[in-house]
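Report on the structure given below.
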Amino acid sequence: MSLIVQKFGGSSVRDAQRIRNVAGIIAETYLEGNDVLVVLSAQGDTTDDLIAKAEEINSHPSKREMDMLLSTGEQISVALCAMALESMGLPCVSLTAWQVGIQTTAVHGDARIKRIDSERVQAELDQHRIVLITGFQGMDRAGDVTTLGRGGSDTSAVALAAAFRAKLCQIYTDVDGVYTADPRIVPNARHLDEITYDEMLELASQGAGVLHNRSVELAKKFRVDLEVLSSLERKPGTKVKEVTKVEKTTIAGVAKDTSIARIALIGLRHNPGVAFQVFDLLSKHNINVDLILQSIGREDSKDISFTVHEKDLEDARAILTENQEVLCFDHIEVDGNIGKVSIVGAGLMTNCGMAARMFEALYEAGINIQMINTSEIRVSVLLDEGDVDRAVRAIHAKFFDEI
Ligand code: ADP
Ligand code: ASP
Ligand code: MG
């Protein structure tokens, strides 16, 4: 018997009808003779609604209590879906991540999976039960509930697929696969039949929310066969794999991220070790930094600008301000109205003209670039938030509409 992991996102389990639809897909896979491990997200907008509820009570709740609250959404989904399967006469059991033993780091709101206990799940699979597991959550060493970051159920699914050596990990969502851009922004975006782990990782890390970036990282590391497909239409999705047959003459896609903010430290001492002090301080507070730009030093001072996730902006500003004397900067400037647009493609490695085409598209659209950052297979630009969607469309048209 082979094991298949199937993950269904929030829109796929939005209401009773969608849960029955999902139960139908699970039942079909089980009745074909497979073991099935199901991972579910919270229904519809439940996680956002829970965040709003918390804000009504306390505008700065502790991250521990936030995790305690947010993890409840997924528990509702697995119980309801198990009931749907029960009503079809199928053997099943729903489990929380705590019952399974999904152990994570203690970073509330952004925990990483460290280990998954196999005993309970294996015992249930041995009884030929369909096992439904809450996505997005785990527990730390102290036994406290943690969550994996928004969109983290994908990562739960891939981690379980790796731990139980599943034949396939299917991520069911509200689109029939990965497109060359978010189809909600670019309606004529193209469907990709396949994409490499590396390209998908870059796209996901740069804001293509169709997959949680850490899920792709894990899939690559443990060679999990990953497929993104629609829970609403029966058609082939997108396969994420090591090597694809696609010609690398164009990019794989365009992604945008507007959940970032820019911080600039103005008038830093122009001495060795200053960048180390700034970024070491932020990393000790678990604040990830993305794009970094340092100005050419003046006589005795320089400026450093960098981006952080907008959720970390206030913490980062407070930590840096508290340490202003040690870090010796003149003042701090922040800008939350920025966004990042990226192109990703294995072809970028060998074709330097592609970056120029991206900049040409922005020039033609009259959009100003604030910062540029590249990796082997990616070029990212920082823009005013208001220009982001227009930039995505202009760049996509440049690569896919022009011959
Ligand atoms: P789920 O609740 O199933 O996890 P998400 O909302 O997290 O679903 O992810 C699916 C959404 O990702 C799509 O509805 C689409 O708008 C968005 N998306 C962003 N970039 C892309 C892309 N390149 N290809 C497909 N979908 C994308
Ligand atoms: N429910 C969580 C969220 O909305 C996790 C997920 O959907 O993957 O972010
Ligand atoms: Mg998602």
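Identify which of 269, 378, 165 has the largest mean-square fluctuation in a Gaussian network model of the chain, with springs joining Cα atoms closer than 10 Å.
Of the options given, 269 has the highest mean-square fluctuation.
Mind checking which of 33, 135, 253 has the largest fluctuation in a GNM of the chain, springs on alpha carbons under 10 Å?
Maximum fluctuation in the GNM of the chain, among the listed residues, is at 33.
Per residue, how much space in cubic angstrom lies within the convex hull of the C-alpha atoms of the chain?
Taking only Cα atoms, the chain has a hull volume of 153 Å³ per residue.
Where the centre of each part is set by its Cα atoms, how far does segment 316-393 sit from segment 226-261, in angstrom?
So the separation of the two Cα centres works out to 22 Å.
Report the residue, chosen from 62, 94, 11, that carries the largest GNM mean-square fluctuation when the chain is represented by alpha-carbon nodes joined by springs under 10 Å.
Maximum among the listed residues: 62.
Can you give the net charge of the other residues whose Cβ lies under 14 Å from the Cβ of residue 281, counting K and R as +1 and D and E as -1?
Net of charged neighbours comes to -3.
So if the hydrodynamic radius of segment 253-403 is defined as the Kirkwood radius over C-alpha pairs, what does Stokes-Einstein give as its diffusion coefficient at 10 °C and 1.306 mPa s, in µm² per second?
So the translational diffusion coefficient is about 96 µm²/s.
How long are the semi-axes of the ellipsoid equivalent to segment 1-121, from square roots of 5 times the Cα gyration tensor eigenvalues, in whole Å, largest first?
After diagonalising the Cα gyration tensor, the semi-axes are 28, 19, 10 Å.
Give me the percent of the accessible area of the chain that comes from carbon and sulfur atoms, probe 1.4 Å, all protein chains in place.
49 percent
Which of the peptides 334-346, 75-87 is most tightly packed, and how do the rest follow, judged by the mean count of other Cβ atoms within 10 Å per residue?
Going by the mean number of other Cβ atoms within 10 Å, highest first, we get 334-346, 75-87.
Within 10 Å, count the other beta carbons around each residue, average over each peptide in 323-331, 227-235, 66-74, and list them highest first.
66-74, 227-235, 323-331
Residue farthest toward the positive end of the dipole of segment 102-171, with Cβ of Lys/Arg at +1 and Asp/Glu at -1: which of 127, 170, 137?
Checked the options; the winner is 170.
Whole number please: convex hull volume per residue of the Cα set in segment 183-230, in Å³?
83 Å³
What is the ratio of the Cα radius of gyration of segment 86-138 to 2.2 N^0.38 Å, with N the residue count, to two decimals?
1.29
Can you check how the C-alpha radius of gyration of segment 357-403 compares to 2.2 N^0.38 Å, as a plain ratio?
With N residues counted in segment 357-403, Rg over 2.2 N^0.38 Å equals 1.10.
How big is the charge dipole of the chain about its Cα centre, in debye rounded to the nearest 20, if each Lys and Arg gets +1 on its Cβ and each Asp and Glu gets -1 on its Cβ?
Computed charge dipole of the chain: roughly 980 debye.
For segment 20-65, count the residues as N, evaluate 2.2 N^0.38 Å, and divide the Cα radius of gyration by that value, please.
1.85
Counting only heavy atoms of the protein chains, get the accessible area per residue of the chain (1.4 Å probe) and round it to a whole Å² value.
Accessible area per residue, the chain: 47 Å².
With a 10 Å radius around each residue's Cβ, average the other Cβ atoms per peptide and rank 195-208, 106-119, 381-394, highest first.
Packing proxy ranking, top to bottom: 195-208, 381-394, 106-119.
Once the other residues with Cβ under 13 Å from the Cβ of residue 361 are scored (Lys, Arg +1; Asp, Glu -1), what is the net sum?
After counting each charged neighbour, the total is -1.
Once the other residues with Cβ under 13 Å from the Cβ of residue 109 are scored (Lys, Arg +1; Asp, Glu -1), what is the net sum?
Within the 13 Å Cβ shell, the charges total -2.
Explain nothing, just the number: relative contact order of the chain, from Cα pairs under 8 Å at least 6 residues apart, as a whole percent.
Computed over the chain, the figure is 13 percent.
In whole Å and largest first, what semi-axes does the C-alpha gyration tensor of segment 110-222 yield when each eigenvalue is scaled by 5 and square-rooted?
28, 16, 12
Going from the alpha-carbon gyration tensor of segment 299-343, what semi-axes, largest first and in whole Å, does one get by taking the root of 5 times each eigenvalue?
23, 15, 8
Please figure out what share of the DSSP beta bridges in the chain is antiparallel and state it in percent, rounded to the nearest 5.
60 percent
The values are calculated or read from the model by the stated rules, or taken from the named source; none is laboratory data. Values in this document were obtained by computation on a predicted structure and should not be read as measured data. Glycine also receives a Cβ, built like all others from the backbone with ideal geometry; neighbour counts cover every protein chain displayed. We work out accessible area using only protein heavy atoms, side chains counted, and drop any ligands, DNA or RNA first. Shrake-Rupley method; radii C 1.70, N 1.55, O 1.52, S 1.80 Å.
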